[in-house]
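Asker: I'd like to ask you about the structure that follows.
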Amino acid sequence: MKYTYEDLLRKLSLHGYEVKGSKNLIYKYSQRNKKKEVAGQIYSNKCGLTFYAGNVYPFEPKSYSIKDIFGVNAEYLAPKITPKNKAKVVKFTFDNYIETTQKRSQFTTFLKHFSREKLGTELNTNLYDLRGVKHHYLNDSTLFPYFDYNGNFIGAKIIGYNTNTGGRIKGKQGWFHSHKGILNDLGINETIEKDEIGFFGEHLLSGNSKPVVIVEGEKTAVMLSLIYKNIIFLATGGLTFLRNKNWYHLRNRAVYLFPDNNAKEWFEIAKERNWFASKIIEERGTNNEDIVDYLLNSEKERGKTLDLLNEELFRIETNDLFYENELKLSFKTKEKPNFQKYYGLFKQDCGLTYYKQYSTGNHFRGKNFLLWKDKFIVLTANTNFNERRLENGTWRELDADEFIKKLKRAYLIVKYLNQHKNILPIFREAIIELSFKSNHSFNVDYVMNVLVPIWNEDERNERVIKLIVKGEELNPNLIKIRNWKFSSDKRVETKAEFQKLLNADKKLFKTNYHLSKLLPLLKEERFIEHREIDLHRKESSPFIWSLVNRYNLEVLGCKTLKRYNDKIEVSKLLKEWLNEGDSKKLCRNLHTTYITNIIYCVKNCTVSKLPSKTLIAETLGINRRTVIEYFNFKPKKDALKNFINEVESMVDNQQGFNIIKVKNRLIIDSVKPKEVKDVFMLPKDVFNDVKDDFNDVKEVFNESISKLLNEDVRGLRYTGTS
């Protein structure tokens, strides 16, 4: 048996129960209290219910499943839900707006009367492109079009007005994107989703630097624009809409708020953004009044209020309104800080020089940094304005004093580095961007009108920078001393990540430095001490330390400098011994600290016997084991040449090292082989010819060697060491 939710309701109603509300509460009339009381509730999934009242006959105060009510074979049949059609997104154009509307509208008719009677002039402008509805529904109602900053049409609000009073007609309102007559004209039958809109009048901001006044209603903005032509009037379209608007295009403007009465949030926003907010209507007006109410009715005391409003607007138009916030920095850390952990003041395309280093000599190119051997002075106007500092175990944001020091440093350095440019417009733009995108809000006008003149008047600032550049004075508040420059395009979010990359490149730099000092020493074919390549501890670079040890052992056969010096003495003694005989009869090839077992003799020469190892040790006063090592050691073929090639390859391959961290210390783990980009490949037929020639040469060579070994060479004898 299948049942529906309606079947359950009927079952309950048969026993005097009624289900009400979105929570599906079950009510029953109480004889004792003479009213309906809650007796239970149906589950939200409608697959059962529970009773919790005492008298719920024929049920009991407990939970019931559907099977308990309708039987064991009961099955819930969920209602079919018809999915709603998704709203379609349509980008309307200004041409669509013109084609589907008319010039005449109720509000423009009123404006003509207002302009003629109140302003004494004929209405001859339509700054905001107001138009009227030409269809039966909302006929002649006014369309207030919304454009983006670039002048692209977004949509339009429709409002009906009384042509005589300018008052709004209740119930007559709508939107361009949902008006059926307009959509029919455009051949659209679907439901259209409203596009996100900005400020009403936002397109008027482009191409000028006029002061900006923000009001709530579109009607207010239009009427005030007829009176104050040197002010851009914007409207939010609603009391609570200001917070959610995009303020980006207001970042370089003088902004003034004229809120309606009882608009407390506007004053909070003005304080946060360091904007002026008029208090006249809030203090002198009644609930929900705005400026237009005083323009249309200025009798008695209302006339005084209008005079005060006009005075403020006139002073804004003439750039003569200085408000309290302009005299303060109003520095504040934002409640919701920016996710960026680093924010610098200047960007690469800002048009100013904001970085200069006074380095000398060649640099080493790491993976992310350029590094120099010696430190140098750096003038940089960029510093982290989102910096957080650790104090007593807790992180804190910059305070006002620290923030001003950073700004001052940035301004003085960029001024010094751009002495023949007017930096003020770009600097203002940069700090406006800073106020929007950093973790802090502050009064831009205070910085430009109060702090910058103070910094300019103090001649000591520029003099100090000149002395710093000459190296005659150090001021950590203005300069940095370092031996690196960040050269990567990689985006680094945190200071820890930046330091990690820097440390890795410093390790590469030191490794390359040690190898560069090691290379010429290898060619001297002598024992090398670690201190000769400025390596004093094994922990500093275990890789280079072991490389030097390996050279001393594999090429020279010496672990220590003492053992090397003792073997040099052995070599000297043997040379003296051999030179006592007839040099024409016996020559022995003594190379560095070891002696080869091949004796080159002149034909029919006699053979001299070398002194014993014991005699050599006693004569020189050294350990006999050292003498034995001297005679027994033979380096591998081309050992020195291979070592030199290996080190040369590592010097050239500056970034070819794997770096790992062991016990909080960066060490070289291995060397990456150099990538071979161009591989020379012989054609197959040429390769086969070369292969055949090589086999022929190899056969002739083997035959010659065989003859040589079997031939009795007179005058050539081998002697072993004693």
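The values are calculated or read from the model by the stated rules, or taken from the named source; none is laboratory data. Because the structure is a prediction, the values reported are computed rather than measured. Don't worry about glycine lacking a Cβ; one is built from the backbone with ideal geometry, like all the others, and counts go over all protein chains shown.
Asker: Quick check: is even one residue across the stretch 216-224 touching a strand residue (DSSP E or B) at 6+ places or on another chain (Cβ under 7 Å), outside any loop (DSSP other than H, G, I, E, B) and free of Cβ contacts under 8 Å to residues at least 24 places away in the same chain? Don't jump to the end; show me each part of the working.
Answerer: Start the filter on the stretch 216-224 by keeping residues that are touching a strand residue (DSSP E or B) at 6+ places or on another chain (Cβ under 7 Å), which leaves 216-218, 220-221, 224.
Still in the list and also outside any loop (DSSP other than H, G, I, E, B): 218, 220-221, 224.
From the residues that got through so far, the ones that are free of Cβ contacts under 8 Å to residues at least 24 places away in the same chain too are none.
The answer is no, given that none of the residues of the stretch 216-224 is touching a strand residue (DSSP E or B) at 6+ places or on another chain (Cβ under 7 Å), outside any loop (DSSP other than H, G, I, E, B) and free of Cβ contacts under 8 Å to residues at least 24 places away in the same chain.
Rundown of residues vs (1) loosely packed, with under 13 Cβ neighbours inside 10 Å; (2) assigned by TED's automatic domain parsing to the domain that holds Phe442; (3) among the hydroxyl-bearing types (Ser, Thr, Tyr); (4) under 23 Å from Asn449 (Cβ atoms), yes/no style:
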{"residue": "Asn386", "(1), (2), (3), (4)": "no, yes, no, no"}
{"residue": "Thr394", "(1), (2), (3), (4)": "yes, yes, yes, no"}
{"residue": "Asp401", "(1), (2), (3), (4)": "yes, yes, no, yes"}
{"residue": "Lys405", "(1), (2), (3), (4)": "no, yes, no, yes"}
{"residue": "Leu412", "(1), (2), (3), (4)": "no, yes, no, yes"}
{"residue": "Leu417", "(1), (2), (3), (4)": "no, yes, no, no"}
{"residue": "Ile423", "(1), (2), (3), (4)": "no, yes, no, yes"}
{"residue": "Ile426", "(1), (2), (3), (4)": "no, yes, no, yes"}
{"residue": "Glu429", "(1), (2), (3), (4)": "no, yes, no, yes"}
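Asker: Pairs under 8 Å by beta carbon, first residue of a type in the set (D, E, K, R) in the stretch 201-213, partner part of a helix (DSSP H, G or I), six or more apart or different chains?
Answerer: Every condition considered, the pairs that remain are Glu202/His249.
Asker: I need the full set of residues from the stretch 495-542 which are free of Cβ contacts under 8 Å to residues at least 40 places away in the same chain, outside any loop (DSSP other than H, G, I, E, B) and closer than 19 Å to Glu648 by Cα, in order please.
Answerer: Correct list: Lys510, His514, Lys517, Pro520, Leu521, His530, Glu532, Ile533.
Asker: Sticking with this structure for a sec: Would you check which residues across the stretch 218-243 are farther than 24 Å from Asp320 by Cβ and of a type outside the set (Phe, Trp, Tyr) and list them? Outline the logic, then answer.
Answerer: To start, the set of residues in the stretch 218-243 that are farther than 24 Å from Asp320 by Cβ comprises 218-219, 222, 235-243.
Scanning the stretch 218-243 gives Glu218, Lys219, Val222, Ala235, Thr236, Gly237, Gly238, Leu239, Thr240, Leu242, Arg243.
Asker: Continuing with this model, one more query. Are any of the residues in the stretch 172-181 in contact with a strand residue (DSSP E or B) (Cβ under 7 Å, 6 or more places away or on another chain), of a type in the set (Gly, Ala, Ser) and assigned to a helix (DSSP H, G or I)?
Answerer: Looking only at the stretch 172-181, we keep the residues that are in contact with a strand residue (DSSP E or B) (Cβ under 7 Å, 6 or more places away or on another chain), and these are 172-179.
Right, trim to of a type in the set (Gly, Ala, Ser) and you get 174, 178.
Filter once more, keeping what is assigned to a helix (DSSP H, G or I): 178.
Yes - at least one qualifying residue is present in the stretch 172-181.
Asker: Just checking, does the stretch 370-377 include any residue being acidic (Asp, Glu) and in contact (Cβ under 8 Å) with a residue 24 or more places away in the chain?
Answerer: yes
Asker: So, of the residues in the stretch 390-416 that are touching a residue at least 12 places away in the same chain (Cβ under 8 Å) and in contact with a strand residue (DSSP E or B) (Cβ under 6 Å, 6 or more places away or on another chain), which turns out to be farthest from Ile431 (Cα to Cα)?
Answerer: Among those residues, the one meeting the criterion is Glu397.
Asker: Quick check on the stretch 237-245. Is at least one of its residues outside any loop (DSSP other than H, G, I, E, B) and out of contact with any His (no Cβ under 6 Å at 6 or more places or on another chain)? Steps first, answer last, please.
Answerer: Going residue by residue through the stretch 237-245, those that are outside any loop (DSSP other than H, G, I, E, B) are none.
No - not one qualifying residue is present in the stretch 237-245.
Asker: Among Lys562, Lys584, which is the only one that is more than 30 Å from Ala504 (Cα to Cα), modelled with pLDDT under 90 and in the same structural domain as Glu648 (by TED's automatic domain parsing)?
Answerer: Lys584
Asker: Still on this structure, I have one more. Could you say whether any residue in the stretch 268-285 is among the β-branched types (Val, Ile, Thr) and loosely packed, with under 14 Cβ neighbours inside 10 Å?
Answerer: no
Asker: Tell me which of these Asn252 doesn't satisfy, since it passes every other one: (1) at pLDDT 85 or above; (2) closer than 21 Å to Phe200 by Cβ.
Answerer: Every condition holds for Asn252 apart from (1).
Asker: Do you know which of the residues in the stretch 544-565 that are closer than 17 Å to Asn512 by Cα and either surrounded by 19 or more Cβ atoms within 10 Å (Cβ to Cβ) or of a type in the set (A, V, I, L, M) (or both) is farthest from the chain's Cα centre (by Cα)?
Answerer: As a first pass, look at the stretch 544-565 and keep what is closer than 17 Å to Asn512 by Cα: 544-548.
From what is left, the residues that are either surrounded by 19 or more Cβ atoms within 10 Å (Cβ to Cβ) or of a type in the set (A, V, I, L, M) (or both) are 544, 547-548.
Working: Ile544: 37, Leu547: 41, Val548: 43 Å.
Ranking the candidates gives Val548 first.
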